[in-house]
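Remarks on the structure that follows.
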């Protein structure tokens, strides 16, 4: 039997919790982990691992449930060490390529098309800017943010929308790490209090004709990071090849 060290076991369990919680938005039980764990391991061992992950600050649980859910620190660890690239569906890749193969000659058309495509494929808010062009700014998908926040977070949603309308503040966040191909900010890492429960993924893009820019995806901290990053990479590569 292959021996798995304790840290690797914790990584496997944390990854399973993140994946399941992102899909269901329900706290993940030890029974689910034990059933899906690829190697034979006792339920008691799983419960111990979950308890340790909670003590270390990577998981938490609602008072009414024995299931666990990731914390912001848990998402950060997942993004830094456990996230894997996923393959988009073929029809999604074809859709992205078709959008840009239709021909995009004007920068404003490019950013509007890109923000729409990103919002539709990630179900998050999407912001696209062109470097050095102050007026080139497009935002779509705030309705997805409203759905994620829900009726209990109306005040929070109002704060988020107010910040998104302040273009210069948003650009400060988006353009912080100009050397990074993709940057991910979770919670307070966004340096914006209104986004404390959110996450933002930012990608650079370069067109064949010269202009460059940034694509940002803003969603709840429980966003599907693997999917968001895969869509960002696909769109940025398609722009580079076709625009």
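Laboratory data are not the source of any read-out in this text; all were calculated from the coordinates shown. The shown structure was predicted, so the numbers you read here are calculated from the model rather than taken from an experiment. Positions of Cβ are backbone-derived with ideal geometry, glycine not excepted, and every protein chain shown enters the neighbour counts.
With everything on Cα atoms, drop me the angle between helix 225-242 and the longest principal axis of the chain, reported from 0 to 90° to the nearest 10.
30 degrees
Assuming R0 = 25 Å, what is the FRET efficiency of residue 193 and residue 147, from their Cβ-Cβ distance, to the nearest 0.05?
The computed FRET efficiency comes out at 0.70.
Give me the angle, in degrees from 0 to 90, between the Cα long axis of helix 6-24 and the longest principal axis of the Cα atoms of the chain, rounded to the nearest 10.
Approximately 60 degrees, to the nearest 10.
Given contacts defined as C-alpha pairs under 8 Å and at least six residues apart, what's the relative contact order of the chain, whole-number percent?
Across the chain, relative contact order equals 18 percent.
Taking 41 Å as R0, compute the FRET efficiency from the Cβ-Cβ separation of residue 98 and residue 172 and round it to 0.05.
Using R0 = 41 Å, I get an efficiency of 0.75.
Looking at the chain as a GNM with Cα springs under 10 Å, which of 111, 86, 96 has the largest mean-square fluctuation?
Residue with maximal mean-square fluctuation among 111, 86, 96: 86.
Please report, to two decimal places, log10 I(q)/I(0) for segment 90-242 at q = 0.09, 0.13, 0.20 Å⁻¹ as given by the Debye formula with identical point scatterers on the Cα atoms and no solvent.
-0.25, -0.54, -1.28
Given a 10 angstrom Cα cut-off, can you work out which residue in 41, 104, 79 is the most mobile in a GNM of the chain?
In the Gaussian network model the winner is 41.
Based on other C-beta atoms within 10 Å, arrange 10, 84, 240 from fewest to most.
Lowest count first: 84, 240, 10.
To the nearest 10 degrees, how steeply does helix 107-122 sit against the main Cα axis of the chain, on a 0 to 90 scale?
20 degrees
When 83, 223, 157, 118 are ordered from fewest to most other Cβ atoms inside 10 Å of their Cβ, what list results?
With the sparsest Cβ surroundings first, the list reads 83, 157, 223, 118.
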